[in-house]
Amino acid sequence: MSEQTGFTSHVDQLTNHATNIVKYYSKLWLRIFVLYKEAILSLQAFIPFKNVYYKIIMENSQFIVQINVNFSEIICSPQMKYVAALSKENVSIWSIVNMVNKKKQIAINKIYTESENSRLFAISDNGLISIKLNRKSPYNFEIHNFITEKKILLHFPDRQKEIDILSFIDNGDLVMINAQIYRAYVFSDKKKDNKWTCKSMIELKYFKKIHITPKGKFIIYNDTIHEITIWDIESLSIETHILTEWDYALESIGFSDDEKLLIARAKQINDIKMRIYIFSTKTWSNLTYYEIPQKEIPIIKVDFHLLASEKGERLLIITCDSLMNRELFLMDPYTLVNPINADELFNKSSQTKIQDPYIIKADKIIYTVGEELFVKDLVCDNWIDYLRKDLGDKNSFMTPSKDTIETIMDGLNNTNWAYSESQEFLGHLIQWKLDCNNESVVLEAKYNHEKEWKSVDNLDILPSFYHCGKKFILWCKILKNDDLVMATQIGVIIWTVKSTKEPKEPKKPKYIIKMHYYWNDWNLKNWNNWDGYLEKIDFENTNIKELFTNKSPERILPASNYLIVCKNLDIKFGKDKLTLFEDFLERNIDEEFYLTCYGKNLMKALVFINDELWIRDLGNYCMKAIIKEQEINKKEYTTHMIFRISLLSIILGHFSKLSENHPTFIANILARMAFVLPYMTPNPKSTSSHLSGHGVYCHLSRTTFIDIYISNIFNHCNKIKIWFIKLLENYYYESHSSIKLIFPLPKFVSYPMDYNFWNELLWPKSNCFVNLNSIEMVNYEFYKYINGEALLEFKWNTYGRRYYLIIWTIYTIFLCSFTIAATLTGKISRNSVHTLLKVTICLGFWHLFFELRQFIYSPKLYISNIQNFFDLCAFIFTIIASFIWLHKNEMPTSLVAITTLLLEIKFLLFFQVIGFTGIHFPMIFGVVQRAISFLMILGFIMFAFAHSLYLLLRPADNTFDSTSEEFSSFITAILAVYMMLTGNIK
């Protein structure tokens with residue numbers, strides 16, 4: 001028995017040794033294969049044959065690398081009329097109009113193909129193609145018209161020779177960018193005669209990455225402040241402003257065909273973690289994000305594309321590891337949960353192996369095999385059936401809003417209402433059943449589980465105040481995403497089935513029926529008749545066609561009528577007395593999709609009805625989405641998710657009314673966002689000053705000849721500038737430890753977008769920052785923390801100092817013109833005096849106009865500030881004195897003396913903003929404010945004594961002596977009492 005055991009142990013040892021040897025050599029061969037593959041890829045540019053295949057079989061796994069040596073890059077025109085592929089010797093062009101391939105080749109010398117995605121290889125829909133060349137004169141690219149076979153010559157106003165990014169946009173314009181001097185050029189061929197002219201140049205400031213969209217937008221990423229901005233090229237107006245995480249570096253940006261969704265891929269700094277973010281360009285906020293799971297073989301490349309926006313939108317994620325293994329996943333772009341393997345998608349689209357380079361656009365994949373072009377549909381006609389049945393995708397869909405709106409409008413416009421007691425609606429995963437009688441309207445949902453329909457939930461949706469269930473439902477239809485839309489007597493409702501996890505069985509989801517959307521425009525239109533209460537509606541006279549009106553299709557469905565929902569939260573449904581409206585409101589607050597897309601609409605409704613409980617609930621969920629607890633080195637820290645800070649605009653959009661009606665709520669929000677750190681690590685060698693602005697803020701403007709001149713000087717002096725900056729940092733600035741903070745209140749200092757010059761001139765509008773002064777509690781809470789000081793510092797350094805100096809300069813001219821005329825009168829000519837007085841009058845009215853604007857903006861605030869009355873006296877007295885002087889040709893000495901005193905004291909007040917003098921002004925004003933009450937009491941005592949002494953000592957029968965003369969009138973009596981108080985007693 002022991003010998004057999006020993007023999008068995010020897011066999012086990014030998015087996016283990018053999019297994020280890022096999023594993024060692026397997027890893028060795030795998031490493032050799034990776035190095036060999038990398039060497040082949042590095043030699044790709046000059047391998048003379050067309051396709052190279054390498055095949056190695058190891059551990060029942062097969063790795064195939066196919067390299068298309070012919071083409072290094074492939075592109076298509078904005079409207080997909082043409083496709084071009086770039087090789088080392090020439091450019092191949094295909095016309096794919098009506099899916100008919102017509103190939104053409106252009107031989108070009110000195111094609112630059114050393115770097116991938118040079119950003120200068122572009123093709124237009126009107127037959128132009130741009131290629132980067134290995135030259136510098138006349139510029140580093142060339143544009144050909146491959147239809148007329150002619151070169152296009154361009155003239156740059158600043159004699160530019162180097163372009164880094166080039167793109168043709170939908171309107172036919174050519175947009176180019178020089179990334180060295182941060183300047184963009186827009187060329188146009190208005191006459192269609194191939195004579196392209198530069199219609200505008202744009203100063204871009206600093207950027208790390210920039211993209212030009214087909215619809216004529218700049219997508220700019222600034223890594224100094226980690227923000228993404230979208231600018232309209234034509235109007236130079238900002239359309240979207242998005243913040244990103246500071247510990248993630250943005251690597252690539254994509255967007256949907258309508259440019260309403262922005263997709264960004266970022267990699268964690270000093271780590272291999274990667275995330276994909278989805279942003280809404282309309283709401284300026286993050287919808288969701290997905291962290292790409294890492295495997296044993298690291299992922300080195302991630303691509304993403306939006307598919308089927310008109311059928312059932314999905315985000316296609318393509319990952320590639322270091323062994324060139326490619327995996328495809330499909331996800332709902334609005335939730336980014338439950339990725340579905342979609343490797344079959346490429347196999348289904350083509351019988352040939354799809355290889356790099358390829359492009360995906362408008363639900364098609366375009367690639368080459370050898371010298372042949374393939375254009376295949378990725379999205380089939382029965383797209384949802386394919387996802388549900390073939391790929392097993394059970395995630396929810398966002399039905400195209402256009403289709404849903406048309407379905408609802410068609411249903412409401414159908415006048416042949418057919419009330420049915422029982423109806424069934426069959427979908428892909430959900431089957432709906434509706435049972436109606438006079439006492440109840442029961443909605444039941446069945447789920448398709450392994451080809452068997454199982455009932456998952458049912459609801460009685462009949463309101464307690466409506467007593468004829470058979471007439472409650474007017475019309476029903478199931479949508480493509482299995483949601484049920486119905487027109488009822490109380491409005492249009494969309495129902496959906498949502499999965500929730502049971503605490504006891506988290507792996508077994510529970511499906512429940514939920515209200516998805518609710519509209520009742522008829523009740524909203526007649527708000528004054530019944531204050532939005534559904535119980536008061538006269539259902540016999542309801543215009544059913546106006547339940548859903550004026551809905552323009554966008555990427556997502558329009559917001560529900562939250563105002564109606566909020567006014568009817570107490571309505572009970574069915575025999576179980578369900579609070580469906582209250583559940584609907586809670587879900588719209590709890591779930592990030594509703595909070596991000598419709599949070600502003602919901603807050604607007606809550607502010608209108610002034611419901612403090614729900615306002616606080618909504619605000620707390622906004623904060624919950626932003627603030628999270630994180631454990632670092634076994635310690636709990638409160639961190640802020642920077643990319644979600646835009647959710648605070650839901651609150652700040654109604655800052656004035658919320659501050660007035662709910663000051664404690666706003667004060668609490670300001671306190672919770674007092675210190676927002678983008679990351680925890682301080683900078684030990686910082687040279688920046690306290691509360692100084694960090695980074696470069698983007699602002700686009702038209703290029704002037706001054707900009708060109710300055711940029712030319714800086715280009716020649718760039719080395720000197722770098723040397724000078726280093727010298728200052730080394731010898732002048734002392735390094736110290738500092739940490740970066742973020743001002744976390746989006747649009748807090750922004751003004752309304754609907755700018756009107758005359759309205760701004762006569763009735764200026766305010767923003768949240770200006771309204772702080774109206775509520776003492778909120779004002780105190782804001783300036784209690786460092787955010788208030790930092791904002792003032794930033795505004796002063798950005799533009800406040802400049803404006804203040806301009807106002808000071810104009811006032812100085814106003815002061816000097818009057819005082820020179822008053823001081824040198826008789827020494828200068830009368831014409832000169834009259835000219836100075838006329839200038840004084842004009843500038844006086846100019847100052848009065850701005851005083852009037854301040855009064856119109858806030859009369860209460862203007863009157864409460866005593867300094868405003870002092871300013872008014874200075875301006876009015878000066879104008880009156882000047883008019884009298886001009887009219888009588890003689891200086892009114894007393895009035896001019898008083899006016900000069902007021903003007904010079906007013907001039908002294910401008911020194912309040914200077915550090916070494918400004919500190920004394922608050923002390924002086926503080927003493928004066930505290931002394932006012934004492935002076936009022938003292939004045940009343942003087943008045944009482946003067947009145948009494950006047951009655952006692954006034955002269956009788958026109959007899960005067962020294963005492964009675966002082967009390968001959970009430971005015972002289974007051975002066976006499978004042979002299980007595982000061983000790984001057986005769």
Note to self: If I ask for residues that are touching a Cys at 6+ places or on another chain (Cβ under 8 Å) and of a type in the set (Val, Ile, Thr), which ones from the range 259-292 would you list?
What the structure shows: Thr283
Check: Of everything in the range 298-356 that's without any contact (Cβ under 8 Å) to a residue 60 or more places away in the chain, more than 30 Å from Tyr598 (Cα to Cα) and in a loop (DSSP other than H, G, I, E, B), which residue is most open to solvent (accessible area, probe 1.4 Å)?
Finding: Gln351
Check: What are the residues in the range 141-189 that are part of a strand (DSSP E or B), hydroxyl-bearing (Ser, Thr, Tyr) and under 23 Å from Lys209 (Cα atoms), if any?
Finding: Ser167, Tyr185
Check: For the range 413-437, how many residues meet the condition of being modelled with pLDDT under 85 and either buried (at least 17 other Cβ atoms within 10 Å of the Cβ) or part of a loop (DSSP other than H, G, I, E, B) (or both)?
Finding: 8
Item checked: Failed condition for Phe218, given (1) aromatic (Phe, Trp, Tyr); (2) more than 19 Å from Asn286 (Cβ to Cβ); (3) under 18 Å from the mean Cα position of the chain (by Cα); (4) open to solvent by 10 Å² or more (accessible area, probe 1.4 Å) -> (4)
Item checked: Lone unmet requirement of (1) buried (at least 16 other Cβ atoms within 10 Å of the Cβ); (2) under 20 Å from the mean Cα position of the chain (by Cα) for Lys624 -> (1)
Note to self: Looking at His699, His694, can you tell me which residue is more than 28 Å from Gln160 (Cα to Cα), touching a Lys or Arg at 6+ places or on another chain (Cβ under 7 Å) and either touching a residue at least 60 places away in the same chain (Cβ under 8 Å) or open to solvent by 80 Å² or more (accessible area, probe 1.4 Å) (or both)?
What the structure shows: His694
Margin query: I'm checking my understanding of the structure. Among residues of the range 846-860 that are touching a helix residue (DSSP H, G or I) at 6+ places or on another chain (Cβ under 6 Å) and open to solvent by 70 Å² or more (accessible area, probe 1.4 Å), which one is farthest from Ile806 (Cα to Cα)?
Written below: Phe855
Checklist line | Criterion violated by Thr959 - all others in (1) hydroxyl-bearing (Ser, Thr, Tyr); (2) at pLDDT below 85; (3) not in a loop (DSSP other than H, G, I, E, B) satisfied | finding: (3)
Checklist line | Listing of strands (runs of 3 or more DSSP E) fully contained in the range 616-706 that carry 2 or more residues being more than 30 Å from Ile181 (Cβ to Cβ) | finding: 627-632, 635-640
Item checked: Selection within the range 198-212 - surrounded by fewer than 19 Cβ atoms within 10 Å (Cβ to Cβ) and part of a loop (DSSP other than H, G, I, E, B) -> Lys205, Tyr206, Lys208
Next item on the list: Given the conditions (1) open to solvent by 70 Å² or more (accessible area, probe 1.4 Å); (2) within 28 Å of the chain's Cα centre (by Cα); (3) farther than 30 Å from Pro678 by Cα, report the number of the one that Glu760 does not fulfil.
Entry: (1)
Next item on the list: Look through Glu239, Glu227, Glu234, Glu251 and report the one residue that is surrounded by fewer than 17 Cβ atoms within 10 Å (Cβ to Cβ), at pLDDT 90 or above and either under 21 Å from Leu328 (Cβ atoms) or under 12 Å from the mean Cα position of the chain (by Cα) (or both).
Entry: Glu251
Notebook entry, point to check: Using beta carbons and a limit of 9 Å, which pairs, at least six apart or on different chains, have the first residue in the range 898-917 and in contact (Cβ under 8 Å) with a residue 24 or more places away in the chain and open to solvent by 70 Å² or more (accessible area, probe 1.4 Å) and the second one of a type in the set (A, V, I, L, M) and part of a helix (DSSP H, G or I)?
Noted result: Glu904/Leu815
Notebook entry, point to check: Looking only at the range 253-279, which residues are without any contact (Cβ under 8 Å) to a residue 24 or more places away in the chain and polar (S, T, N, Q)?
Noted result: Gln268, Asn270
Check: Which members of the range 769-785 meet the condition of being hydroxyl-bearing (Ser, Thr, Tyr) and either open to solvent by 60 Å² or more (accessible area, probe 1.4 Å) or part of a helix (DSSP H, G or I) (or both)?
Finding: Ser774, Tyr780, Tyr783
Next item on the list: Filter the range 457-508 down to residues that are more than 24 Å from Leu557 (Cβ to Cβ) and assigned to a strand (DSSP E or B) and give me whichever is modelled with the lowest pLDDT.
Entry: Lys501
Item checked: Among the candidates Arg830, Arg801, residue that is closer than 21 Å to Leu908 by Cα, exposed (fewer than 14 other Cβ atoms within 10 Å of the Cβ) and of a type in the set (D, E, K, R) -> Arg801
Margin query: Which residue is least open to solvent (accessible area, probe 1.4 Å), if the candidates are limited to the range 532-551 and must be touching a residue at least 60 places away in the same chain (Cβ under 8 Å) and assigned to a loop (DSSP other than H, G, I, E, B)?
Written below: Phe548
Next item on the list: Identify the residue in the range 123-143 that is touching a residue at least 40 places away in the same chain (Cβ under 8 Å) and open to solvent by 10 Å² or more (accessible area, probe 1.4 Å) and, among all such residues, is farthest from the chain's Cα centre (by Cα).
Entry: Asn126
Notebook entry, point to check: Of the residues His640, His662, His690, which is modelled with pLDDT of 90 or more and over 30 Å from Ser200 (Cα atoms)?
Noted result: His662
Next item on the list: Among the candidates Trp231, Trp246, single out the residue that is hydrophobic (A, V, I, L, M, F, W, C) and assigned to a strand (DSSP E or B).
Entry: Trp231
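Hey, can you tell me all the residues within the range 357-383 that are farther than 25 Å from Arg555 by Cα, open to solvent by less than 50 Å² (accessible area, probe 1.4 Å) and not in a strand (DSSP E or B)?
Listed by number, the residues that qualify are Pro357, Gly370.
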Note to self: Among the listed residues Phe655, Phe608, identify the single one that is under 29 Å from Asn767 (Cα atoms) and open to solvent by 30 Å² or more (accessible area, probe 1.4 Å).
What the structure shows: Phe608
Next item on the list: Kindly check whether there is at least one residue in the range 280-288 that is more than 18 Å from the chain's Cα centre (by Cα), open to solvent by 20 Å² or more (accessible area, probe 1.4 Å) and not β-branched (Val, Ile, Thr).
Entry: no
Margin query: I'd like to check something: does the range 93-107 contain any residue that is buried (at least 18 other Cβ atoms within 10 Å of the Cβ) and at pLDDT 85 or above?
Written below: yes
Check: Of the residues that make up the range 172-185, is at least one surrounded by fewer than 20 Cβ atoms within 10 Å (Cβ to Cβ), touching a Lys or Arg at 6+ places or on another chain (Cβ under 8 Å) and closer than 21 Å to Tyr139 by Cα?
Finding: yes
Margin query: On the basis of being open to solvent by 10 Å² or more (accessible area, probe 1.4 Å), in contact with a Leu (Cβ under 9 Å, 6 or more places away or on another chain), over 18 Å from Ile210 (Cα atoms) and not in a strand (DSSP E or B), does Ile272 make the cut?
Written below: no
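The values are calculated or read from the model by the stated rules, or taken from the named source; none is laboratory data. This is a predicted model, so every value here is computed, not measured. Methodologically, a virtual Cβ is constructed for each residue, glycine included, from the backbone with ideal geometry; neighbour enumeration extends over all protein chains shown. Remember, those area values only see protein heavy atoms, side chains included, never the ligands or the DNA or RNA. Shrake-Rupley method; radii C 1.70, N 1.55, O 1.52, S 1.80 Å.
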